[in-house]
């Protein structure tokens, strides 16, 4: 709590100096706490941004991988269908000859 001018007049020079130091100490401590809180807030925001960006990157990677997996599965199915059609047609021709 800041002393008033009237209170300071009632103090000796040594007491006045001590009161001013106490006030300054409190002021600087409060300023340091505010600065520390601001730094922590900025660090938290930076961390949240980094986590968000990593999450987006991972989602993109999953989407690309999923698309590649689906495309590969389609190619496999198409290849198996083509093989099955060839085998079917070969057996159909063989059965006609018999």
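Brief remarks on what is shown
- Distance histogram for the chain (every C-alpha pair counted, 5 angstrom bins, percent rounded to whole numbers): 2, 10, 7, 8, 6, 6, 6, 5, 6, 4, 5, 4, 4, 4, 3, 3, 3, 3, 3, 2, 2, 2, 2, 1, 1, 0
- GNM on the chain, alpha-carbon springs under 10 angstrom: the most fluctuating residue among 66, 15, 33 is 15.
- Within the listed set 42, 56, 85, the residue fluctuating most in the Gaussian network model of the chain (springs between alpha-carbon atoms under 10 angstrom) is 85.
- The stretch 53-98 and the stretch 3-25 have their alpha-carbon centroids 86 Å apart.
- Extension gain, residue 71 to residue 86, is 3.1 nm, computed as 0.36 nm per intervening residue step minus the present C-alpha separation.
Computed from the coordinates by the stated procedures, all read-outs in this text should not be read as laboratory data. Fair warning: this is a prediction, and the values are worked out from it, not measured in the lab.
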